[in-house]
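What follows draws every value from the coordinates through simple rules; no lab data is involved. Being a predicted model, the structure only gives us computed values, none of them experimental. All Cβ positions, glycine included, derive from the backbone under ideal geometry; neighbour counts span all protein chains shown.
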Amino acid sequence: MTLAVLASGRGSNLAALLDAFPGDVRLVISDKPDAAALDRAREAGITAAHVPFPKGGRATFEAQVQALLDTHGVTLVLLAGFMRLLSADFTGRWRGRILNIHPSLLPAFPGLHAQQQALDAGAAWSGCTVHFVDAGMDTGDIILQKRVPVLRSDTADTLAARILTAEHEAYPQAVRLVRAGLAFPRPTPDDLRAEFG
Ligand code: GRF
């Protein structure tokens, strides 16, 4: 299994994946030239590529990313704090082989500021979700979730830190499930027709 990680920022999930799968992460791509994730990759001796995401230029971005994935023989793409939506064309090509992690118990609180959304809703529990990626915002089929309590004293930052600890366990576990063939996207009507006629 050859992994690529796409990250826009800090890269703590990247670090957890590097620890869990030494030697398997071959490529890190960021749309941000100064992402700490790129520094982490370089420190680990992994190819770190900045691919700009120009306004209105998603197709160009995706073509460059696809070329890098092909060059490095990537078989599984992991989004970790990657702050862009990918097209149906790209996610369809990688269907079942592209994952994301999100800091809430989806389908609750998709999108930005998920921890603040949980606090604003008065949720007693929150957590994280690893899911397959489709063209929607945090809408793909769920692989696994981990739950953490929301404390009365929590701020968005303290809740985010508690969830992040859970994320660092959840992401490698989800990757193992996918690698073992134990997690896969729900079949589409086309899949079912192909399988059963
Ligand atoms: C994580 O909370 C992840 O769930 C969300 O963005 C954050 C990325 O953190 N999608 P890091 O860059 O992995 O530290």
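Are any of the residues in the range 19-41 touching an Asp or Glu at 6+ places or on another chain (Cβ under 6 Å) and away from the ligand (no atom under 13 Å from the Cβ)?
No - not one qualifying residue is present in the range 19-41.
Given the criteria out of contact with any Pro (no Cβ under 7 Å at 6 or more places or on another chain) and within 16 Å of the ligand (Cβ to nearest atom), does VAL130 qualify? Quick ask: steps written out before the conclusion?
Working: out of contact with any Pro (no Cβ under 7 Å at 6 or more places or on another chain): yes; within 16 Å of the ligand (Cβ to nearest atom): yes.
Against the criterion (out of contact with any Pro (no Cβ under 7 Å at 6 or more places or on another chain) and within 16 Å of the ligand (Cβ to nearest atom)), VAL130 qualifies.
Residue under question is ARG147, and the condition is that it be under 30 Å from MET1 (Cβ atoms), basic (Lys, Arg) and surrounded by fewer than 17 Cβ atoms within 10 Å (Cβ to Cβ); does it hold? Give the steps one after another, and end with the answer.
Numbers: under 30 Å from MET1 (Cβ atoms): yes; basic (Lys, Arg): yes; surrounded by fewer than 17 Cβ atoms within 10 Å (Cβ to Cβ): yes.
Yes, satisfied.
Pick from ALA7, ALA15, ALA20, ALA80: which is in contact with a Pro (Cβ under 8 Å, 6 or more places away or on another chain) and within 19 Å of VAL130 (Cα to Cα)?
On the way: ALA7 fails: in contact with a Pro (Cβ under 8 Å, 6 or more places away or on another chain); ALA15 fails: in contact with a Pro (Cβ under 8 Å, 6 or more places away or on another chain); ALA80 fails: in contact with a Pro (Cβ under 8 Å, 6 or more places away or on another chain).
Within the list ALA7, ALA15, ALA20, ALA80, the selection yields ALA20.
What is the residue count in the range 167-197 for residues that are in a helix (DSSP H, G or I) and over 15 Å from LEU17 (Cβ atoms)?
Qualifying residue count for the region: 8.
Output the residues belonging to the range 92-107 that are touching a strand residue (DSSP E or B) at 6+ places or on another chain (Cβ under 8 Å), surrounded by fewer than 21 Cβ atoms within 10 Å (Cβ to Cβ) and closer than 29 Å to ALA156 by Cβ.
Listed by number, the list holds a single entry, LEU106.
Do you know which residues across the range 16-35 are out of contact with any Leu (no Cβ under 9 Å at 6 or more places or on another chain) and either more than 23 Å from ALA161 (Cβ to Cβ) or surrounded by fewer than 18 Cβ atoms within 10 Å (Cβ to Cβ) (or both)?
ASP19, ALA20, PRO22, GLY23, PRO33, ASP34
What tally of residues in the range 52-90 results from selecting those that are within 16 Å of the ligand (Cβ to nearest atom) and either on the phi > 0 side of the Ramachandran plot or not hydrophobic (A, V, I, L, M, F, W, C) (or both)?
Summing the residues that are within 16 Å of the ligand (Cβ to nearest atom) and either on the phi > 0 side of the Ramachandran plot or not hydrophobic (A, V, I, L, M, F, W, C) (or both) in the range 52-90 gives 2.
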